[in-house]
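To start, the structure itself, in structure tokens.
The values are calculated or read from the model by the stated rules, or taken from the named source; none is laboratory data. What you see is a predicted model; the values in this text were computed from it and never measured. Neighbour counts are summed over all protein chains in view; Cβ atoms, including those assigned to glycine, are modelled from backbone coordinates with ideal geometry. These area figures cover heavy atoms from the full protein model, side chains too; ligands, DNA and RNA do not enter into them. Shrake-Rupley method; radii C 1.70, N 1.55, O 1.52, S 1.80 Å.
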Amino acid sequence: DIHNAAIKAYSCYDYVKVNYKDGDNTISNIDTLISSLLDIPENPKKDGFYFAGWYKDKNLTTPWDFETDKIRGETTLYAKWSDSPIPVESITLNSTSGGILTGDTIEVKASIKPYYATGNGILWSSSIPSVATVESGVITGIKKGSAIISASSESGISAEFTINVYNPMTSVQLGLQKPVFSTTDNVLISIICPEAKYFVIHFTDSKSNHYYTRNIENTTDGSVKNVSLSPLSADN
């Protein structure tokens with residue numbers, strides 16, 4: 001005998017339904033692409049119990065791995081519950097250090113394992129708020145310096161991110177002691193640029209049409225730096 005068979009074909013752009021259930025009761029459902037990874041949904045709540053993860057089967061023997069398991073067709077995931085709180089085992093940040101300019105922001109993302117840990121909210125803090133502040137993982141540079149950004153669980157598990165805050169490049173203020181149009185004497189220039197450790201000054205001798213540079217170390221306290229320049233003795 002030849003029996004009729006139902007064949008369902010999917011293209012790479014087809015959407016299928018994913019059902020999230022507590023036993024026979026549907027908690028929620030979503031439509032998602034075939035062959036895609038699932039985003040971890042918000043943990044469900046149940047009076048008197050603690051959520052303990054999503055499972056592939058109703059008997060709760062095989063957990064769903066959100067990092068590796070891909071959707072192959074219509075899928076049902078089942079919630080597992082525990083009588084006891086699930087502790088946070090680790091917190092991982094997507095990076096351990098970074099740099100930022102004053103006034104700019106950078107976002108650091110934190111992931112908790114297991115994802116269903118009880119009290120899995122992240123508490124963010126900065127070791128030096130005057131250098132950098134943080135809110136929900138978004139760091140804002142306040143002033144030049146370094147600070148440690150901490151992501152902590154309610155149980156005290158934590159991870160750290162070192163943020164280095166830099167001042168943006170500033171304009172150099174140059175001041176001539178007196179107007180100079182043409183001279184064979186040295187020219188005294190006053191320079192103010194508190195953030196620069198060294199200057200590189202470029203100038204041209206209009207008579208010889210030679211181009212010169214001078215490397216000059218700045219003052220350490222950000223005060224005025226007086227420099228005497230002579231094209232004839234300049235470094236080439």
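Looking only at the range 65-75, residues that are in contact (Cβ under 8 Å) with a residue 40 or more places away in the chain and open to solvent by less than 40 Å² (accessible area, probe 1.4 Å) come to 4 in all. Confirm whether Pro63 is at negative phi, modelled with pLDDT of 95 or more, under 32 Å from the mean Cα position of the chain (by Cα) and not hydrophobic (A, V, I, L, M, F, W, C). When the stated conditions are applied, Pro63 passes them. Taken over the range 10-39, the residue count meeting the criterion of being assigned to a loop (DSSP other than H, G, I, E, B), open to solvent by 90 Å² or more (accessible area, probe 1.4 Å) and either at pLDDT below 90 or under 14 Å from Ala79 (Cα atoms) (or both) is 4.
Where strands (runs of 3 or more DSSP E) sit wholly within the range 127-207, those with at least 3 residues that are over 14 Å from Asp104 (Cα atoms) and modelled with pLDDT of 95 or more occupy 145-152, 158-166. Restricting the first member to the range 135-147 and to residues that are under 14 Å from Leu123 (Cβ atoms) and in contact (Cβ under 8 Å) with a residue 24 or more places away in the chain, and the second to residues that are part of a strand (DSSP E or B) and open to solvent by less than 10 Å² (accessible area, probe 1.4 Å), the beta-carbon pairs closer than 8 Å and six or more apart or on different chains are Gly137/Ala151.
Note on the range 140-157: among residues that are more than 29 Å from Ile86 (Cβ to Cβ) and within 13 Å of the chain's Cα centre (by Cα), the one that is most open to solvent (accessible area, probe 1.4 Å) is Thr140. Scanning the range 108-124 for residues that are outside any loop (DSSP other than H, G, I, E, B) and exposed (fewer than 14 other Cβ atoms within 10 Å of the Cβ) gives Lys113, Leu123. Contact map, the range 90-107: residues that are within 27 Å of Gly119 (Cβ to Cβ) paired with residues that are aromatic (Phe, Trp, Tyr) and not in a loop (DSSP other than H, G, I, E, B), Cβ distance under 7 Å, separation 6+ or inter-chain. Pairs shown: Leu93/Phe161; Ser95/Phe161; Thr96/Phe161.
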